[in-house]
Amino acid sequence: MSESDEVSINGEYLKTLMEMGIKEHIARKALIMSNNECLNTALMIALELNEELSEEDFEDSKMIFVVNSSLNMSVGKTAAQVAHAALNLYREVASPNYLQFSEVLSKWEHKGEKKVVLKGKDESEILELMVRAKDLSLPCVTIRDAGRTEIAPDSLTVFALFGLEECVNKVTGHLNLL
């Protein structure tokens, strides 16, 4: 009898780990090693197992910024709003709220810190993207402007998210570059 036959795998935990970019065989091994008792424990084990993989085997991650194009912001205003989003998202990902992303963040930093700016249609579309990102447990932030210069106060200007490319693309893969 194999080790995997002795312990049944928690399907929800397996799905969550795989949505975070953990390969299925590593996720299964981590769940077995943690006795399916705690998703966070399984994630920590999976990340340790992932460390054994070479850099080339590590899936790329990226930070995505979706700009609300319905606001017709100037280039300077857009750049400032994306900068706000980058700082806020980085702080969020580096916070204790997202310890499970610490290894992904570290590898992202060492592999060039890929960032992509995409065109969002309007606030409604951006809010739908945010719901999808949260459903996948991806770190994300929205930026709302104070309204002191070009646009109305509390306008949603940028949505930003971070994660493994495979997961992030499930949310924003259909959008065009800005």
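The values are calculated or read from the model by the stated rules, or taken from the named source; none is laboratory data. Everything numeric here is computed off the predicted structure, so don't read it as measured data. Please note: Cβ atoms are built from the backbone with ideal geometry, for glycine as well, and neighbour counts cover all protein chains shown.
What residue, among those in segment 107-130 that are in a helix (DSSP H, G or I) and of a type outside the set (D, E, K, R), is surrounded by the most Cβ atoms within 10 Å (Cβ to Cβ)? The residue in question is 108. Considering segment 1-19, and only residues there that are modelled with pLDDT of 85 or more and outside any helix (DSSP H, G or I), the residue that is surrounded by the fewest Cβ atoms within 10 Å (Cβ to Cβ) turns out to be 9.
Exactly one residue out of 75, 66, 82 is exposed (fewer than 11 other Cβ atoms within 10 Å of the Cβ), hydrophobic (A, V, I, L, M, F, W, C) and modelled with pLDDT of 85 or more: that is 75.
Criterion first (modelled with pLDDT under 90 and either part of a loop (DSSP other than H, G, I, E, B) or surrounded by fewer than 19 Cβ atoms within 10 Å (Cβ to Cβ) (or both)) does residue 97 satisfy it?
Taking the combined requirement at face value, the residue satisfies it.
Of note, residue 142 satisfies the criterion of being modelled with pLDDT of 95 or more and within 18 Å of residue 98 (Cβ to Cβ).
Residue 135 fulfils the conditions (1) crowded, with 21+ Cβ neighbours inside 10 Å; (2) acidic (Asp, Glu); (3) without any contact (Cβ under 8 Å) to a residue 40 or more places away in the chain except for a single criterion, (1). Residues in segment 161-176 that are of a type in the set (A, V, I, L, M, F, W, C) and outside any strand (DSSP E or B): 167, 168, 171, 175.
Being assigned to a helix (DSSP H, G or I) and in contact with a helix residue (DSSP H, G or I) (Cβ under 8 Å, 6 or more places away or on another chain): is that true of residue 133 here? It is true that residue 133 is assigned to a helix (DSSP H, G or I) and in contact with a helix residue (DSSP H, G or I) (Cβ under 8 Å, 6 or more places away or on another chain). Kindly evaluate residue 150 against the criterion of being assigned by the TED database to the domain that holds residue 101 and in a helix (DSSP H, G or I). Against the criterion (assigned by the TED database to the domain that holds residue 101 and in a helix (DSSP H, G or I)), residue 150 does not qualify. All conditions in (1) surrounded by fewer than 16 Cβ atoms within 10 Å (Cβ to Cβ); (2) modelled with pLDDT under 90; (3) touching a Ser or Thr at 6+ places or on another chain (Cβ under 7 Å) hold for residue 104, with the sole exception of (1).
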